[in-house]
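Here the structure is laid out as C-alpha cells; the discussion comes afterwards.
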Amino acid sequence: MSSRHDRQRKAPQRGLIASVAARLMAEDGISAPALAKRKAARSLGFPDSSPMPDDREVEAELRAYQRLFQDQEQRARNLHLLRVAARLMATVQRFNPYLSGPVLDGTAGRYAEIDIQLFTDGAKDVEIFLLNERIAYRHSQPRTDRAEAVLTISSDDAIANLVVYPRDDERVSFRTRDGRVREHARLEVVIRLLGANSRAER
C-alpha cells in the first residue's frame with residue numbers, strides 16, 4: 001500500500017520534470033533527454049535523487065509542446081532537415097547510410113542535428129571520400145563506444161553527423177538509454193517520408 005501511495009505521490013513530479021525537460025529540448029536545443037531531465041529537476045528545485053520520467057514520457061511532452069507552440073516552424077524545420085539528409089545520404093550511398101534520431105522520428109526542431117549512421121570497413125575510407133568530394137568536415141566526439149568516428153558536416157543551414165560503425169554492425173539493433181530499439185531508415189524510406197511530409201505541408 002505504501003509503495004503504491006509513493007508512486008502516486010511521485011507521478012506529478014515526474015510529469016512536471018518531463019514537461020520542463022521537453023521545453024528545454026524545444027527551446028534551448030538540448031538534444032539528450034537525460035541531460036534535459038537533470039536540468040529540469042534542478043530548475044524545479046528537486047534533489048538529484050528525484051524519480052525521473054523515462055524518455056518516452058519526455059518525447060510525448062516534446063511532441064505536445066511542439067504542436068502547441070512551434071507547430072508550423074517545427075514541421076518546416078523537420079522537412080528541411082529531411083531534404084538535407086536525403087541529399088547527403090545519396091552522396092554517401094556507398095557507405096550504407098541510415099537516418100536515425102529526431103529528424104527521422106519527426107521531433108527535430110530549431111537546433112536539431114541530422115544523425116546518419118554509416119557502416120563500412122573504416123572511417124578513413126569515408127574521410128578520403130569526403131576530401132575527394134570537397135566536402136568539409138570535422139571530427140566530433142562519439143556518443144557510443146561502438147562508433148569508430150563521428151564526422152560532422154555543416155551544410156544548407158544544417159549540421160549533419162556521419163556516425164561511422166564497423167560494417168558488421170549493420171545488422172545490430174542499437175538501443176536507446178531506456179532500452180527501446182533505436183529506429184533507423186535507409187534512403188528509400190527517407191524519400192517516401194519526405195514525399196509524405198511535403199504533401200502534408202501543401
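The values are calculated or read from the model by the stated rules, or taken from the named source; none is laboratory data. Since we're looking at a predicted model, the values are computed, not measured. Methodologically, a virtual Cβ is constructed for each residue, glycine included, from the backbone with ideal geometry; neighbour enumeration extends over all protein chains shown. Ligands, DNA and RNA are excluded from the accessible area calculation, which covers all protein heavy atoms including side chains. Shrake-Rupley method; radii C 1.70, N 1.55, O 1.52, S 1.80 Å.
Numbers at a glance
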{"read-out": "For the range 46-61, 3J(HN,Hα) per residue [Karplus equation, 6.51 cos²θ - 1.76 cosθ + 1.60, θ = phi - 60°, Hz, x = Gly/Pro]", "value": "8, x, 4, 7, 4, x, 9, x, 7, 5, 4, 5, 5, 4, 4, 5"}
{"read-out": "Amide proton proximity set for Thr120, modelled H, under 5 Å, gap of 5+", "value": "Tyr165, Arg167"}
{"read-out": "With every protein chain in place, the range 72-202: carbon and sulfur % of accessible area (1.4 Å)", "value": "46 percent"}
{"read-out": "Among 129-138, 15-24, the order from most to least packed when residues are scored by Cβ within 10 Å on average", "value": "15-24, 129-138"}
{"read-out": "Karplus-derived 3J(HN,Hα), 6.51/-1.76/1.60, for each residue of the range 141-157, Hz, glycine and proline x", "value": "6, x, 8, 9, 5, 6, 6, 7, 6, 10, 10, 9, 10, 10, 7, 6, 6"}
{"read-out": "Ranked by how many other beta carbons lie within 10 Å on average, peptides 48-61, 144-157 from highest", "value": "48-61, 144-157"}
{"read-out": "Under 5 Å, built H, 5+ apart or other chain: amide partners of Gln70", "value": "none"}
